Amino acid sequence: MTDVGPGRSPRGHRSVPHTGDLCIEAWAPTREECIAEAARGMLGSFADVPPDVSWVARECAVPADDDGRLLAAVLEEIIYRMDAADELPVDIAVAPEPGGVGVIFKMADSSTATQTGAVPKAVALHGLRLAPDAHGWSCRVTLDV
């Protein structure tokens, strides 16, 4: 999943087959970049957002006791914000903070996007993984759609 070689970027994400749900694998040099890649993979699974869309920055701190729960908490924050404010993340920046991460979302009105798939409703804790590997960090997360 995280092999870096010809044609393979040191950061990225992909969807992998999973019965009835959406499974995303992501990889990056740092834990925080890996979380951001997973978030980009989640958005790309269900929405096409125009590149020139207007957005507003939304910041928050996301605490967690372990790395897997931290990944889940960031993705759950996105799901909550999509439901509560009818906004979607155009992009995300994640920075380390004691006990978790600080997140800056670039949020756009959801009406600016074209829906291309099922919108995630929750993050499954089963099989959740965010850990260092030989090339940096990698993660795997299943989303209930």
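Observations, loosely collected:
- Take each peptide in 72-84, 126-138, count the other Cβ atoms within 10 Å of every residue, and average; sorted highest first, the result is 72-84, 126-138.
- Peptides 105-112, 18-25 ordered by packing proxy, namely the average of other Cβ atoms within 10 Å per residue, highest first: 105-112, 18-25.
- Each residue of region 101-113 is assigned a 3J(HN,Hα), and the resulting list reads 9, x, 10, 10, 9, 9, 9, 10, 4, 5, 5, 7, 9 Hz, derived from the Karplus form 6.51 cos²θ - 1.76 cosθ + 1.60 (θ = phi - 60°), x at Gly and Pro.
- With all protein chains in place and a 1.4 Å probe, the accessible surface of region 1-104 carries 51 percent carbon and sulfur.
- Counting Lys and Arg as +1 and Asp and Glu as -1 over every other residue whose Cβ lies under 10 Å from the Cβ of residue 56, the net charge comes to 0.
- Residue-count net charge about residue 74 - beta-carbon cut-off 15 Å; Lys, Arg +1, Asp, Glu -1: -3
- Alpha carbon convex hull of the chain, volume per residue in cubic angstrom: 109
- Helix 31-44 axis, angle to the chain major axis (alpha carbon atoms, nearest 10°): 50
- Stokes-Einstein D (µm²/s) once Rh is taken as the Kirkwood radius of region 84-125 over alpha-carbon pairs, at 20 °C in 1.002 mPa s: 172
- The residues of region 98-144 expose on average 49 square angstrom of accessible surface per residue, using a 1.4 Å probe on protein heavy atoms.
- A cut-off under 14 angstrom between Cβ atoms defines the neighbours of residue 93, and their net charge, with Lys, Arg +1 and Asp, Glu -1, is -2.
- Across region 67-81, rounded Karplus estimates of 3J(HN,Hα) from the backbone phi angles (6.51 cos²θ - 1.76 cosθ + 1.60, θ = phi - 60°) give 4, x, 5, 5, 4, 4, 5, 5, 5, 5, 4, 5, 4, 4, 5 Hz, Gly and Pro being marked x.
The values are calculated or read from the model by the stated rules, or taken from the named source; none is laboratory data. Owing to the predicted nature of the structure, the values given are computational and were not obtained by experimental measurement. Backbone-built Cβ (ideal geometry, glycine too); neighbour counts: all protein chains shown. Please note that ligands, DNA and RNA were not included when accessible areas were found on the heavy atoms of the full protein model with its side chains. Shrake-Rupley method; radii C 1.70, N 1.55, O 1.52, S 1.80 Å.
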